[in-house]
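**Student:** This is the structure I have questions about; it appears just below.
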Amino acid sequence: MDAPSESKSLKEIYQQLREIGCCKLCCLRYLGERSQHAFQNPDAALQMKFLTDGAEIPENPSKLKKSNVCTACMGLLQETVRDTFIEKIVTDVNAADYDCKEFSCALSMPVSFSLRTHSLNLYIDEVFPDDKDEPAELRFMSVKEVWKWIAAPLLAKGICKTFNPKDCDFSITISIGYEEDEKECNCLMDMHKEIYEMRKQQTRKFKDCVLSRKSVESLLISTDPSHFRKFYPTPPNIPNTPFVCSSVIPLHNSLFIAGRYNKYSRKLSQTPWLIDGKRLMETSVQELLCNPIVELAKAEDLRFASSGREDVDVRMLGKGRPFFCELINPHRVHLLPSEFRKIENTILSTTKDIAARHLQIVSKDQVSQIKTGEEEKIKLYCAYCIVSGEKACVDWEKLESLPSKCPIVLQQKTPIRVLHRRSLATRERTIFRLEVCKAETNEPKAFVLKMATQAGTYIKEFVHGDFGRTTPSLRDLLGTDVDILALDVMDIELDWPPEVNYNEETGVKVL
């Protein structure tokens, strides 16, 4: 209970706040209240602050209409407006159907709110100065925080989720609108005429919004109070209409799904192949892999990444290539291992071109491992080669001497075939091991080259030399023209993501 002298002072402040049009909750804010319980029970809190004889406090001063829109919160903290907002938020979020367990929320306020708040803070500092000379914006709870205190429990109940304001992947952004926002902010054009005239001329930088909330708040801080009062009333006038809920935007942070894939086709690109907007291939590894995952998670979009990439005509064998897909705004995030196994089996049964394994959810931090030490990773290849020319033949003596020359350090200029998408540079790459085998074919000029190389090595260019852009090349080492008939990636020495123990999961995968 406040002391009598303090009670009288607080009562005078309360009466004056009510006369300028503040609602009960905004009065509590400007009286320095910081208890969540008080804002959730404003009548009891006001009675405890102002009454000693049990008499009720008048709800509205005589000069104000009962339906008065609060001059401070623009109705946001008043029950009628607040309940309408909460009802819309609950309806929209439930319609979006997210399966996450927690949520946070944020309010996006109109520019005029910053103007009104600044005006009220100047009024409070002038009429009710603080002994510590602390500015009003630091002394009192903000409208946003009080709204969350009141609305969060109601929202949590309505959408069946737990409110977590600090660390949450699922957020609800509520955009607040005000029909007289532009009209009320026009004073800024006169208040800072030179600045806004300059911004109007900078059409490229300020084409979308000359009056952004952030720029206005920054400008108001540096505005002299006496200059501000010439263009805007202090305190602000009571608004004619309350805030409205313009939009409710629920958004979940990205979900990352990782795994490994095999590619068995020599006519399949890794990602959608489009030139001038026209699709060159019916589908891609990305689409075959990720479309079922996107559908499962009900995501809005995806980003695909892998540990390197193979050409359209190159197969990816062995344990497969590590990859992940980032699911943008997924509505389902509690995905079961059995659902991933079902996707793997569906891919196996519907296409012979690819296979997927070890599908699992990984964290954002884990995703970075796919690029860590990118150039240090070792990749194993099997190249099917042939010597060119009518009189050319395989020089097995030279071929069988190649393993002893390893490691072979190559200088590779960006290949001609990828110059359209990679910058021109000379990159040093290493072939660590070589093994030469006879080809299982009747072609006497053919042979098989098995290699362990540094990631990023262009194998095709190492074989044929790319018109001298790769040195030394197999052509240089053998002293004859060599071409490559087919190439397979046999393995990528990267233990990521962790292998799934299928036997421990419910539902054994069929391989």
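**Student:** Say whether the condition of being hydrophobic (A, V, I, L, M, F, W, C) and at pLDDT below 90 is met by at least one residue in segment 102-122.
**Tutor:** no
**Student:** Restrict the check to segment 488-507 and report whether at least one residue is over 35 Å from the mean Cα position of the chain (by Cα) and touching a residue at least 40 places away in the same chain (Cβ under 8 Å). Even if it seems obvious, please write down each step before you answer.
**Tutor:** Step one: filter segment 488-507 for residues over 35 Å from the mean Cα position of the chain (by Cα), giving 488.
Imposing the further condition that a residue be touching a residue at least 40 places away in the same chain (Cβ under 8 Å) reduces the set to 488.
Within segment 488-507, one or more residues are over 35 Å from the mean Cα position of the chain (by Cα) and touching a residue at least 40 places away in the same chain (Cβ under 8 Å).
**Student:** So which residues in segment 260-284 are of a type outside the set (Phe, Trp, Tyr), out of contact with any strand residue (DSSP E or B) (no Cβ under 6 Å at 6 or more places or on another chain) and outside any strand (DSSP E or B), if there are any at all? Can you show your working first?
**Tutor:** Of all residues in segment 260-284, those of a type outside the set (Phe, Trp, Tyr) come to 260, 262-263, 265-272, 274-284.
Then keep just the ones that are out of contact with any strand residue (DSSP E or B) (no Cβ under 6 Å at 6 or more places or on another chain); that gives 265-268, 270, 274-280, 282-283.
Selection gives Ser265, Arg266, Lys267, Leu268, Gln270, Asp276, Gly277, Leu280, Glu282, Thr283.
**Student:** Suppose we keep only residues that are open to solvent by 50 Å² or more (accessible area, probe 1.4 Å) and within 20 Å of the chain's Cα centre (by Cα) within segment 233-252. Which one would you say is nearest to Met74 (Cα to Cα)?
**Tutor:** Among those residues, the one meeting the criterion is Ile249.
**Student:** Check segment 445-465 and report whether any residue there is open to solvent by less than 10 Å² (accessible area, probe 1.4 Å), of a type outside the set (Asp, Glu) and without any contact (Cβ under 8 Å) to a residue 24 or more places away in the chain.
**Tutor:** yes
**Student:** Filtering segment 311-333 down to residues that are under 28 Å from the mean Cα position of the chain (by Cα) and open to solvent by 10 Å² or more (accessible area, probe 1.4 Å), which residue is nearest to Lys371 (Cα to Cα)?
**Tutor:** Ranking the qualifying residues of segment 311-333, first place goes to Phe324.
**Student:** Could you identify the single residue in Glu287, Glu295, Glu300, Glu339 that is open to solvent by 10 Å² or more (accessible area, probe 1.4 Å) and either under 16 Å from the mean Cα position of the chain (by Cα) or aliphatic (A, V, I, L, M) (or both)? Walk me through how you get there before you give the answer.
**Tutor:** On the way: Glu287 fails: either under 16 Å from the mean Cα position of the chain (by Cα) or aliphatic (A, V, I, L, M) (or both); Glu295 fails: either under 16 Å from the mean Cα position of the chain (by Cα) or aliphatic (A, V, I, L, M) (or both); Glu339 fails: either under 16 Å from the mean Cα position of the chain (by Cα) or aliphatic (A, V, I, L, M) (or both).
Checking each option against the conditions leaves just Glu300.
**Student:** Right, something else. Would you mind finding the one in Val482, Val436, Val463 that is among the β-branched types (Val, Ile, Thr) and farther than 17 Å from Gly389 by Cα? Don't jump to the end; show me each part of the working.
**Tutor:** Values: Val482 fails: farther than 17 Å from Gly389 by Cα; Val463 fails: farther than 17 Å from Gly389 by Cα.
Testing whether each residue is among the β-branched types (Val, Ile, Thr) and farther than 17 Å from Gly389 by Cα leaves just Val436.
**Student:** Under 8 Å by Cβ, and 6 or more places apart or on different chains, what pairs join a residue from segment 330-352 that is touching a residue at least 60 places away in the same chain (Cβ under 8 Å) and part of a helix (DSSP H, G or I) with one that is open to solvent by 30 Å² or more (accessible area, probe 1.4 Å) and among the aromatic types (Phe, Trp, Tyr)?
**Tutor:** Arg341/Tyr502
**Student:** Shifting gears a bit: Report yes if some residue within segment 159-169 is out of contact with any strand residue (DSSP E or B) (no Cβ under 8 Å at 6 or more places or on another chain), assigned to a helix (DSSP H, G or I) and in contact (Cβ under 8 Å) with a residue 60 or more places away in the chain; otherwise report no.
**Tutor:** no
**Student:** Scan segment 170-179 residue by residue and report those that are open to solvent by 40 Å² or more (accessible area, probe 1.4 Å) and part of a loop (DSSP other than H, G, I, E, B).
**Tutor:** The one that is open to solvent by 40 Å² or more (accessible area, probe 1.4 Å) and part of a loop (DSSP other than H, G, I, E, B): Glu179.
**Student:** Six or more apart or on different chains, Cβ under 7 Å: which pairs go from a residue in segment 81-93 that's over 9 Å from Ala151 (Cα atoms) to one that's open to solvent by 20 Å² or more (accessible area, probe 1.4 Å) and in a helix (DSSP H, G or I)? Could you list them?
**Tutor:** From residues that are over 9 Å from Ala151 (Cα atoms), the pairs are Val90/Gly158.
**Student:** All but one of (1) at pLDDT 90 or above; (2) assigned to a helix (DSSP H, G or I) hold for Asp125, so report the exception by its number.
**Tutor:** Here Asp125 meets the rest and fails (1).
**Student:** I need a count of the residues in segment 360-415 that are open to solvent by less than 40 Å² (accessible area, probe 1.4 Å), closer than 30 Å to Val294 by Cβ and among the hydrophobic types (A, V, I, L, M, F, W, C).
**Tutor:** 3
**Student:** Within segment 490-511, is there a residue that is among the basic types (Lys, Arg) and open to solvent by 40 Å² or more (accessible area, probe 1.4 Å)?
**Tutor:** Residues of segment 490-511 among the basic types (Lys, Arg): 509.
Now restrict to residues that are open to solvent by 40 Å² or more (accessible area, probe 1.4 Å): none.
Within segment 490-511 (the criterion being among the basic types (Lys, Arg) and open to solvent by 40 Å² or more (accessible area, probe 1.4 Å)), the answer is no, since none of the residues qualifies.
**Student:** Hey, another quick one. Only one residue in Leu138, Leu122, Leu155, Leu115 is out of contact with any His (no Cβ under 7 Å at 6 or more places or on another chain), of a type in the set (A, V, I, L, M) and open to solvent by 50 Å² or more (accessible area, probe 1.4 Å), so which one is that?
**Tutor:** On the way: Leu122 fails: open to solvent by 50 Å² or more (accessible area, probe 1.4 Å); Leu155 fails: open to solvent by 50 Å² or more (accessible area, probe 1.4 Å); Leu115 fails: open to solvent by 50 Å² or more (accessible area, probe 1.4 Å).
It is Leu138.
**Student:** Any chance you could count how many residues in segment 351-385 are modelled with pLDDT of 95 or more and of a type in the set (Ser, Thr, Tyr)?
**Tutor:** Qualifying residue count for the region: 4.
**Student:** Just the residues that are open to solvent by less than 50 Å² (accessible area, probe 1.4 Å) and not hydroxyl-bearing (Ser, Thr, Tyr), please, taken from segment 416-444. Write out each step before concluding.
**Tutor:** Step one: of segment 416-444, the residues open to solvent by less than 50 Å² (accessible area, probe 1.4 Å) are 418, 425, 427, 429-431, 434, 436-437, 439.
Result: Val418, Ala425, Arg427, Arg429, Ile431, Leu434, Val436, Cys437, Ala439.
The values are calculated or read from the model by the stated rules, or taken from the named source; none is laboratory data. Everything quoted here is computed from the prediction, not taken from an experiment. Glycine gets a Cβ as well: all are built from the backbone with ideal geometry, and neighbour counts include every protein chain shown. We work out accessible area using only protein heavy atoms, side chains counted, and drop any ligands, DNA or RNA first. Shrake-Rupley method; radii C 1.70, N 1.55, O 1.52, S 1.80 Å.
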